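Here the structure is laid out as structure tokens; the discussion comes afterwards.
The values are calculated or read from the model by the stated rules, or taken from the named source; none is laboratory data. Quick caveat, the model's predicted, so the values are computed rather than measured. All Cβ positions, glycine included, derive from the backbone under ideal geometry; neighbour counts span all protein chains shown. Please note that ligands, DNA and RNA were not included when accessible areas were found on the heavy atoms of the full protein model with its side chains. Shrake-Rupley method; radii C 1.70, N 1.55, O 1.52, S 1.80 Å.
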Amino acid sequence: CFGSSYVARLYRSIFGSIARATALFVYTLNPCREYWEDLAPRRRGAPTPDPRRFPRRRGDAQLTLGGLEESPPAAEALAENPLLALWGRPGRDNMRLLNQLADCDFDARFVDPTAGLERPSLLATLQKEVLDREPAGARATAETGETGETGETPDESVRILPASDPRRELETVAAEIWSRVRADETLTFADLAVIVPPAAAPAYLPLARAVFDEASALPHTIVDLPRPAESRILDAVTRLLELPNGPLGRPDLLGLAMHPTVARRFPEIDPDHWLALCEALEIVRGADRADHADSYLDRDRLSWDQGLRRLALGAFLSGRRSGERRPFVLPGESPLEGEPALAADLPSALEPAARALGIIARELIAYARAAAARPATFATFASLLRRTIASTIRPAQADEEAALGDAFSAIERVAALVPPALEISFRVAAELVKARLGAGRGHHRSPEGVTVASFVPMRALPFRIVFVVGLDERVFPASEALDALDLRAGARQPGDVTPREQDEYMFLETLLSVRERLYLSYVARDPVTGESKNPSSTLMALGEVIPAGLPRPMAPLARHLDDAACAVIPAAARERQAATLG
């Protein structure tokens with residue numbers, strides 16, 4: 001079992017059942033090689049426990065575990081590592097659970113981060129203190145030494161970078177990445193990672209893609225987001241899955257037909273002409289008059305069928321008049337004064353667009369009708385989907401072809417799971433396929449260049465240099481509160497983790513996993529009022545642990561004042577030139 005930072009109490013029985021059937025090996029991160037399962041979490045302002053009542057226990061000889069449901073005794077606060085006390089509860093409970101299951105039979109693979117270093121960095125010193133469960137006040141800092149006096153360059157293994165806004169924050173990160181890679185020949189882009197808190201990911205991840213592309217095309221992969229080509233294909237497939245379950249309105253069908261991957265079928269057509277034709281044909285919704293049977297309409301004037309029939313009849317009713325004065329009447333309709341005559345008056349420039357619209361709209365309507373006709377087996381729907389996707393979506397490059405192949409693979413994987421004789425509605429089949437497509441978005445290809453991701457998929461992975469962005473006040477960590485219907489809110493048990501504890505433990509894991517440098521950044525200015533903002537409480541707590549405080553070099557608010565940004569961002573260099581010219 002790999003990749004689990006901590007597990008819920010339910011896993012106690014699951015792991016136990018597996019272990020009774022076969023050998024179970026669990027690989028997990030233990031922040032501390034000392035016995036620390038008796039460590040009580042601490043918050044600022046909490047009373048300091050009496051050190052005489054809770055002596056610190058070390059070594060396997062003194063290791064005794066109580067029941068999982070018992071609350072662990074408090075630890076000696078004055079001789080305790082503050083980072084473990086503040087942020088370590090999820091890991092502490094996880095180790096108690098695993099040690100109970102394994103009777104403390106574990107294979108330790110701890111490595112001293114300061115081994116072989118003549119002068120350990122601040123980052124390595126912090127990691128060593130957590131590893132050995134040492135109190136922060138008992139060490140000599142990497143910046144000052146034992147005497148507190150040194151003339152050497154301040155340690156930069158842990159830095160904090162305030163910024164004026166998220167774009168400026170990411171621009172500073174991009175400039176620093178280029179500077180580090182150019183200064184160190186052994187450093188590659190794959191050795192660096194940019195991590196975003198989950199709450200800030202929706203805003204930061206798309207912005208990171210734009211900023212890094214502008215920063216001299218900085219090589220990067222955003223793990224949590226699909227690539228642009230992949231996103232286009234998945235969007236078209238999703239629209240195709242949703243079409244039969246909707247009212248066949250103009251935005252639904254025309255939005256799919258005008259999609260870039262679908263409109264490529266007619267390269268000589270401007271898709272905007274289709275929108276103008278639908279507007280003139282008064283197409284609103286519904287495949288034909290049957291979709292308006294229960295409405296107040298007594299004539300078919302809003303459906304796709306009436307609009308496309310009028311469009312097709314234009315090929316036969318246009319041209320010079322033959323002398324026939326009787327109006328043409330559609331079957332089942334009565335002549336109407338002022339019948340729109342768009343088809344007969346269609347400009348020649350729109351004729352190719354009209355033909356293409358008739359072809360694509362009829363095909364999509366036929367697909368939607370077949371899918372919504374009646375319940376069927378998933379194999380039937382899968383065959384219909386494969387045919388429609390292949391005939392409708394046209395990939396233009398290798399990445400899009402690969403994404404289209406992933407969509408076909410998702411259909412096959414769902415088909416392997418659904419009972420072959422079970423009849424379901426197309427809505428159920430579509431939801432199953434969409435869930436499978438969503439599960440694989442952005443996570444199935446190896447990252448290239450700098451890895452950009454949120455905390456969850458990147459937790460506890462080692463990189464030489466890590467940038468953690470978006471550490472704003474009231475954004476990270478998350479709120480302590482649980483949902484009102486969450487039973488953990490009534491009686492907390494070991495293994496129950498709140499959203500705040502989850503974020504704080506992820507931050508601790510990141511701090512322990514970085515090999516050389518850790519950059520922590522946040523937006524220091526309110527976007528509306530311009531007032532100063534504090535960083536995350538987690539950053540402030542980290543600053544309190546370091547006697548000299550975190551080094552806080554302020555990035556220039558304007559990017560044209562930043563030499564590193566101007567060196568890699570052409571727009572920043574142009575701004576500097578404009579400012580120089582006045």
**Asked** Checking A548 against (1) touching a Pro at 6+ places or on another chain (Cβ under 6 Å); (2) among the small types (G, A, S); (3) modelled with pLDDT under 80, which single condition isn't satisfied?
**Response** (1)
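Taking the stretch 400-433, which residues are among the acidic types (D, E) and over 25 Å from I360 (Cα atoms)?
Answer for the stretch 400-433, where residues must be among the acidic types (D, E) and over 25 Å from I360 (Cα atoms): E412, E423.
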**Request:** Can you give me the number of residues within the stretch 196-228 that are closer than 27 Å to A573 by Cα and of a type in the set (A, V, I, L, M)?
**Result:** 10
**Fill in**
Given the conditions (1) under 21 Å from E480 (Cα atoms); (2) open to solvent by 10 Å² or more (accessible area, probe 1.4 Å); (3) not acidic (D, E), every one holds for P527 apart from (1)
**Asked** Quick check, is T510 polar (S, T, N, Q), modelled with pLDDT of 85 or more, surrounded by 18 or more Cβ atoms within 10 Å (Cβ to Cβ) and touching a helix residue (DSSP H, G or I) at 6+ places or on another chain (Cβ under 7 Å)?
**Response** no
**Item:** Enumeration of residues in the stretch 97-131 that are of a type outside the set (A, V, I, L, M), part of a helix (DSSP H, G or I) and surrounded by fewer than 21 Cβ atoms within 10 Å (Cβ to Cβ)
**Value:** N99, Q100, K128
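Test T153 against the criterion of being open to solvent by 40 Å² or more (accessible area, probe 1.4 Å), at pLDDT below 85, in a loop (DSSP other than H, G, I, E, B) and more than 18 Å from W36 (Cα to Cα), and give yes or no.
yes
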**Request:** Give just the number: which of (1) at pLDDT below 85; (2) farther than 30 Å from P90 by Cα; (3) open to solvent by less than 10 Å² (accessible area, probe 1.4 Å) does A565 not satisfy?
**Result:** (1)
**Complete:** Apart from one, (1) assigned to a helix (DSSP H, G or I); (2) modelled with pLDDT of 75 or more all hold for F316; the odd one out is (2)
**Request:** Identify all residues within the stretch 494-507 that are in a helix (DSSP H, G or I) and open to solvent by less than 20 Å² (accessible area, probe 1.4 Å); write none if there are none.
**Result:** E501, D503, E504, Y505, M506, F507
**Asked** Say we look at the stretch 530-544 and pick out the residues that are among the small types (G, A, S) and outside any loop (DSSP other than H, G, I, E, B); which of these is most open to solvent (accessible area, probe 1.4 Å)?
**Response** S532
**Message:** Pull out all pairs, ordered by first then second residue, where Cβ-Cβ is under 6 Å, the residues are six or more apart or on different chains, the first lies in the stretch 177-196 and is β-branched (V, I, T), and the second is surrounded by fewer than 19 Cβ atoms within 10 Å (Cβ to Cβ).
**Reply:** V181/L187
**Complete:** Reported set for the stretch 556-574 where residues are of a type in the set (D, E, K, R), part of a helix (DSSP H, G or I) and under 32 Å from the mean Cα position of the chain (by Cα) is R559, D563
